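Written out below as structure tokens is the structure these notes cover.
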Amino acid sequence: KDEFISMASHELKTPITSIKLYTELLLKRVKDKEALQHLGSMFEQVNRVSKLIGDLLDVSRIQAGKLFFKMQFFDLGLLINDIALVFGKETKKHAITTSVHLSEKVWGDKDRIGQVIINLISNAIKYSPSGGDIIVVASKLKDNVIVSIEDFGIGMYVHEKDRIFERFYQGRGTLFPGLGIGLYIAKMIVEGHGGRIEVKSRINEGSTFTFT
């Protein structure tokens, strides 16, 4: 199964990248409003498929022990604020607020840590369909940094919390179908940095994901 996922993901990557590039080209050249609307929807769906393929490739790398990190010092607070700003522009029902208390840069893979934060904020939006606040907090904890993303959405049952970081586990996947690998990848990235990730949640009260 792992070999098939790896092979299929690699084979899909090239044609999807081509479709994405041609769609971008058409978006720049087409003037008709209706056509632009359809192309915009097409571009959005292609991006979704592209992300799924990227996630599957990451799973393959993790299983093969080849998930490597480009370590450097970077401004985590700036990264969090930039990501929150992008999501804030995309969602109309949620208010994303950040509280960053960091005076020093952190040592890690900026892109991979960004991937974790994007996944957690995206999930917070998805699992609070009625809207509301999403609060992102980052602060120093001895020689580490602790980051939390809190929502006030549908929450999780106890048995879901116990399995939520497992590969391909989807919880209440009938509500929000997916592959169930985003949190698994996030966990592997955090643990690859020597950290840990956990969740606190109550049904119908929301969830708080925290990683160090």
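The values are calculated or read from the model by the stated rules, or taken from the named source; none is laboratory data. Predicted model, so just to flag it, every value in this text is computed and none were measured. Please note: Cβ atoms are built from the backbone with ideal geometry, for glycine as well, and neighbour counts cover all protein chains shown. We work out accessible area using only protein heavy atoms, side chains counted, and drop any ligands, DNA or RNA first. Shrake-Rupley method; radii C 1.70, N 1.55, O 1.52, S 1.80 Å.
Ignoring any ligand, DNA or RNA, what whole percent of the accessible area of the chain comes from carbon and sulfur when the probe is 1.4 angstrom? If you can, show how the numbers build up before the last one.
Values: 7170 of 13040 Å².
Looking at the chain in its full context, I get 55 percent from C and S.
Can you tell me the dipole magnitude for the chain around its Cα centre, using point charges on the Cβ only (Lys, Arg +1; Asp, Glu -1), in Debye to the nearest 20? Could you put the intermediate results ahead of the total?
Values: 29 positive and 25 negative charges, 52 e Å.
For the chain, the charge dipole is close to 240 debye.
On a straight-distance basis, which aspartates and glutamates could pair with Lys200 in a cross-link, Cα separation under 17 angstrom, same-chain partners fewer than 8 positions away excluded?
Counting by Cα, and skipping residues close in sequence, Lys200 has these aspartates and glutamates nearby: Asp133, Glu150, Asp151, Glu160, Asp162, Glu166.
Only bridges with both residues in the chain count here: give the DSSP antiparallel percent, nearest 5.
Antiparallel bridges: around 70 percent, rounded to the nearest 5.
Quick one: dipole size for the stretch 112-212, taken about the Cα centre, charges +1 on Lys/Arg Cβ and -1 on Asp/Glu Cβ, in debye to the nearest 20.
Working: 12 positive and 10 negative charges, 38 e Å.
My answer is approximately 180 debye.
Per residue and in Å³, how big is the convex hull formed by the alpha-carbon atoms of the stretch 1-123? If you can, show how the numbers build up before the last one.
On the way: hull volume 18.0 nm³, N = 123.
Cα-based convex hull of the stretch 1-123, divided per residue, equals 146 Å³.
Considering Cα pairs under 8 angstrom that are at least six residues apart, work out the relative contact order of the chain and quote it in whole percent. Working shown, then result.
Numbers: 304 pairs, mean separation 35.3, N = 212.
Relative CO of the chain lands at 17 percent.
For the chain, take the longest principal axis of its alpha carbons; what is the angle in degrees between that and the long axis of helix 2-29, to the nearest 10 within 0 to 90?
60
Beta carbons within 10 angstrom, averaged per residue: use that to sort the peptides 153-163, 6-16, highest first. Please list the in-between numbers first.
Details: 153-163: 15.5, 6-16: 13.5.
The most tightly packed comes first, giving 153-163, 6-16.
Taking K and R as +1 and D and E as -1, what net charge do the other residues with C-beta under 11 Å from the C-beta of Ile197 add up to?
Values: positive: Lys187, Arg196; negative: Glu191, Glu198.
Local net charge: 0.
With springs connecting C-alpha atoms under 10 Å apart, model the chain as a Gaussian network and identify which of Asp82, Asp109, Asp58 has the largest mean-square fluctuation.
Asp82
Which angle from 0 to 90°, rounded to the nearest 10, does the C-alpha axis of helix 110-126 make with the longest principal axis of the chain?
Computed tilt is about 90 degrees.
What are the residues whose amide H is under 5 Å from the amide H of Ile181, where those residues sit 5 or more places off or on another chain and H is modelled from the backbone?
Phe168
Take every Cα pair under 8 Å in the stretch 132-200 that's 6+ residues apart, average their separations, divide by the length, and report that relative contact order as a whole percent.
That works out to 20 percent.
Taking a threshold of 27 Å on the Cα-Cα distance, which of the pairs Lys93/Lys140; Lys92/Lys140; Lys66/Lys142; Lys13/Lys110; Lys70/Lys142 fall above it? Spell out each step's value before the answer.
Values: Lys93/Lys140 30 Å; Lys92/Lys140 31 Å; Lys66/Lys142 30 Å; Lys13/Lys110 23 Å; Lys70/Lys142 23 Å.
Checking Cα-Cα distances, Lys93/Lys140; Lys92/Lys140; Lys66/Lys142 exceed 27 Å.
What whole-number volume per residue, in cubic angstrom, does the convex hull of the C-alpha atoms of the stretch 75-212 give? Walk me through the numbers before you get to the answer.
Working: hull volume 14.1 nm³, N = 138.
In the stretch 75-212, the Cα hull volume divided by residue count equals 102 Å³.
In square angstrom, what is the accessible area per residue of the stretch 6-157 with a 1.4 angstrom probe?
Working: 9510 Å² over 152 residues.
Ligands and nucleic acids excluded, the result is 63 Å² per residue.
Could you work out how far helix 182-192 tilts from the main Cα principal axis of the chain, as a 0 to 90 degree angle to the nearest 10?
Its long axis makes an angle of about 50 degrees.
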